[in-house]
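K.L.:
Sharing a structure with you now.
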Amino acid sequence: MARWWRGRPRTSDEPAGPVPEPGHEAAADAEAHADADAEADAGLAPAGEWILTVIGPGGTEEEISRIPVSPALYYGLKLNAALQQLGPDHLETQAALREYAVVLSHMEGGREEARERLMDLVRLQTRTLGYEHAETLTTAATLARVIRELGELGMAEEVWRSVWTTRASLLGRDHPDTLDSAAHVAGVLEDLHRVPEAAALRRDVLERRRHSLGPDHPDTLKDANEYTASLSKAGRWEEGERELRDLIDRLERQAEGDHDALRTARANLGAVLCRLGRLDEAERVLSAVLASYEGTGGLGDDETLSIRNNLAAVLHARRRYEEAAVVLREVEVSTVRRHGEGHLSTLQARHNLANVLIDVGSRQEAAGLLRTCLSGYRRILGQDHPLVRSIVGQLDWLIDELA
């Protein structure tokens, strides 16, 4: 069977190595500022500065201005220099290309190009270094992240499994790189709504991390957070609450702990409490965490969007449907802006909104949203996925109600 990286064959007139396209990444003035603006929208900080100086009498030099250098410009220039000085097969050139592709993946409309560049680089490194080389596996892992962000979950699972099993064979099942890869496989399984598989894998990662690093190591606590979230997705809410309260206690006892991890754990606890029907406590917990996140991440951050979605779930459980719909409309708009129309996160946001709109009485609008979700879920998850079948049944019922 052909491996996933042996995709389309290269034609004889294509370059043998990954050569950047000529264009905006090599420009230094007006186009550089345009790049900086585009990346500011994507949340990327400048990668450096142009420093303008003037030479005075006697050779003295005085700084007169500093101009931010966008990541695309900085890493594009770095890549071009490596190509010219070292050639496409040099490890430094390949690392520079990988860095440039990461920047592209964070730019609006850049993920597809990042995927193609990384796929070409994996093929090149597999040919020159071998797939089991550490650099090739690092590139493959970077590619897997980009593919997952593009919503190509079947391919993302395949690539992450390839990286995971190869690292396990080379480094052992308990090596940090192997465990990181396994955690990414679990994340894709959750995206695919194969939650029992994901929860079992996250439990294995957590136990191995505890054995090698101890229960209070930051990496162990991070995996504990992810495991508790997986328990919630699997409907194991009582177990999830017990694990979360133990985790929060450990995080709170640390003098200089990971505040982000503590906020995430509290947010997960709020979601579990909502599922358990303890709505007053859930609303207090989620409101406090949301206020903390909005002070740092902003309304469009993925974490704040998730918490606002869970607060809408509390409103829905209280039968305050109109209020829940207002929150979920804002979440849907922000998710589209952050991830794009066809992304799985966007489909999930629209599905949640449609469910509330049914209770509001806006069933025609809900049906339209569900049709959009059905098309997207079929594309990402496949025709026979349980979620696809569930929406088909929901739509059939809704169409009968509208008739």
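K.L.:
Projected onto the charge dipole of the chain (+1 at Lys/Arg Cβ, -1 at Asp/Glu Cβ, origin at the Cα centre), which of L244, P218, V388 gives the Cα projection farthest towards the positive end?
P.N.:
Final value for the positive-end residue is V388.
K.L.:
With charges set only on the Cβ (+1 for Lys and Arg, -1 for Asp and Glu), what does the dipole of the chain come to about its Cα centre, in debye to the nearest 20? Walk me through the intermediate numbers first.
P.N.:
Working: 48 positive and 68 negative charges, 328 e Å.
In total the dipole reaches around 1580 debye.
K.L.:
Using a cut-off of 9 Å between beta-carbons, work out the net charge of the residues near Y227 (Lys and Arg +1, Asp and Glu -1, Y227 not included).
P.N.:
Working: positive: R202, R203; negative: D223, E226, E243.
Charge balance near Y227 sits at -1.
K.L.:
Which residue, L77, V103, Y131, has the largest displacement toward the positive end of the dipole of the range 42-135 when charges sit on each Cβ (Lys, Arg +1; Asp, Glu -1)?
P.N.:
Most positive-ward Cα: Y131.
K.L.:
Please report the accessible area of W50 (heavy atoms, 1.4 Å probe, ligands and nucleic acids excluded) in Å², nearest 10.
P.N.:
Its accessible surface works out to 90 Å², give or take rounding.
K.L.:
For the range 283-374, what's the relative contact order in percent, using C-alpha pairs closer than 8 Å and at least 6 residues apart? Let's see the in-between values first.
P.N.:
On the way: 88 pairs, mean separation 19.2, N = 92.
The normalised contact order for the range 283-374 reaches 21 percent.
K.L.:
Counting only C-alpha contacts under 8 Å and six or more residues apart, can you give the relative contact order of the chain as a whole percent?
P.N.:
On the way: 495 pairs, mean separation 30.4, N = 403.
The normalised contact order for the chain reaches 8 percent.
K.L.:
Let me ask something else. How about the range 281-347: which trypsin sites (Lys or Arg not before Pro) there are in a DSSP loop, with at most 11 other Cβ atoms within 10 Å of their Cβ? Please list the in-between numbers first.
P.N.:
Details: sites: R284, R308, R318, R319, R320, R329, R337, R338; in loops: R318, R319, R320.
Those satisfying the criteria are R319.
K.L.:
Over 20 Å intervals from 0, what percent of Cα-Cα pairs in the chain sits in each interval?
P.N.:
Reading upward from the zero bin: 22, 52, 24, 2, 0.
K.L.:
Can you list residues from other chains, or at least 5 along the same chain, whose modelled amide H is less than 5 Å from the amide H of W50?
P.N.:
Amide H to amide H, under 5 Å and 5 or more residues apart or across chains, W50 pairs with I67, V69.
K.L.:
Something else about it: Take H259, project a point 7 Å from its Cα along the Cβ direction, then tell me which residues of the range 277-294 have their backbone nitrogen under 11 Å from it.
P.N.:
Correct set: 292-293.
K.L.:
Test of understanding: what is the full-extension gain from S390 to L171, defined as 0.36 nm times their sequence separation minus their Cα-Cα distance? Walk me through the numbers before you get to the answer.
P.N.:
Details: separation 219, 0.36 × 219 = 78.84 nm, distance 4.15 nm.
In short, 74.7 nm is gained.
K.L.:
Just subtract the alpha-carbon distance of V336 and E197 from 0.36 nm times their residue separation and send over the number in nm, one decimal.
P.N.:
Numbers: separation 139, 0.36 × 139 = 50.04 nm, distance 2.86 nm.
The V336-E197 span can extend by a further 47.2 nm.
K.L.:
Full-extension gain between E132 and S287, please, as 0.36 nm times their residue separation minus the C-alpha to C-alpha distance. Please list the in-between numbers first.
P.N.:
Numbers: separation 155, 0.36 × 155 = 55.80 nm, distance 4.70 nm.
Between E132 and S287, full extension yields 51.1 nm more.
K.L.:
If you roll a 1.4 Å probe over the chain with all protein chains in place, what percent of the accessible area is carbon or sulfur? Write down the numbers at each step before the final one.
P.N.:
Numbers: 10180 of 20180 Å².
Solvent-exposed carbon and sulfur of the chain make up 50 percent of the total.
K.L.:
For the range 298-328, list residues with backbone N below 15 Å from a point placed 7 Å from the Cα of D359 toward its Cβ?
P.N.:
309-328
K.L.:
Could you tally the net charge around A366, taking each other residue with its Cβ under 15 Å from the Cβ of A366, Lys/Arg +1 and Asp/Glu -1?
P.N.:
Details: positive: R329, R350, R363, R371; negative: E322, E332, D359, E365, D396, D400, E401.
Result for the local shell: -3.
K.L.:
What is the P(r) of the range 64-210, as percent of Cα-Cα pairs per 5 Å bin from 0?
P.N.:
2, 10, 17, 18, 18, 14, 11, 6, 3, 1, 1, 0, 0
K.L.:
Quick check: from the Cα gyration tensor, does the range 168-268 come out rounded (a/c under 1.5), prolate or oblate? Kindly include the intermediate steps, with their values, before the conclusion.
P.N.:
Values: a/c = 2.04, a/b = 1.14, b/c = 1.79.
Because a/c hits 1.5 or more and a/b fails to exceed b/c, the range 168-268 counts as oblate.
K.L.:
Can you give the Rg/Rh ratio of the range 208-352, where Rg is from the C-alpha atoms and Rh is the Kirkwood radius? Working shown, then result.
P.N.:
Details: Rg = 15.6 Å, Rh = 15.8 Å.
Using only Cα positions, Rg/Rh for the range 208-352 is 0.99.
K.L.:
Hey, another quick one. Calculated from DSSP H runs of 4 or more alone, at -39500 (n - 2.57) each and per residue, what is the 222 nm mean residue ellipticity of the chain, nearest 500? Could you put the intermediate results ahead of the total?
P.N.:
Working: 17 runs with 285 residues, N = 403.
Rounded to the nearest 500, it is -23500 deg cm²/dmol.
K.L.:
Here is a further query. Taking a 1.4 Å probe, which of E149, E92, E190 shows the most accessible area, and what order do the others take after it? Mind dumping the intermediate values first?
P.N.:
On the way: E149 70, E92 120, E190 20 Å².
Solvent-accessible surface, decreasing: E92, E149, E190.
The values are calculated or read from the model by the stated rules, or taken from the named source; none is laboratory data. Quick caveat: nothing in here was measured; it's all calculated off a predicted structure. We place every Cβ from the backbone using ideal geometry, glycine too, and count neighbours over all the protein chains shown. Just the protein is used for accessible areas: all its heavy atoms, side chains included, with ligands, DNA and RNA removed. Shrake-Rupley method; radii C 1.70, N 1.55, O 1.52, S 1.80 Å.
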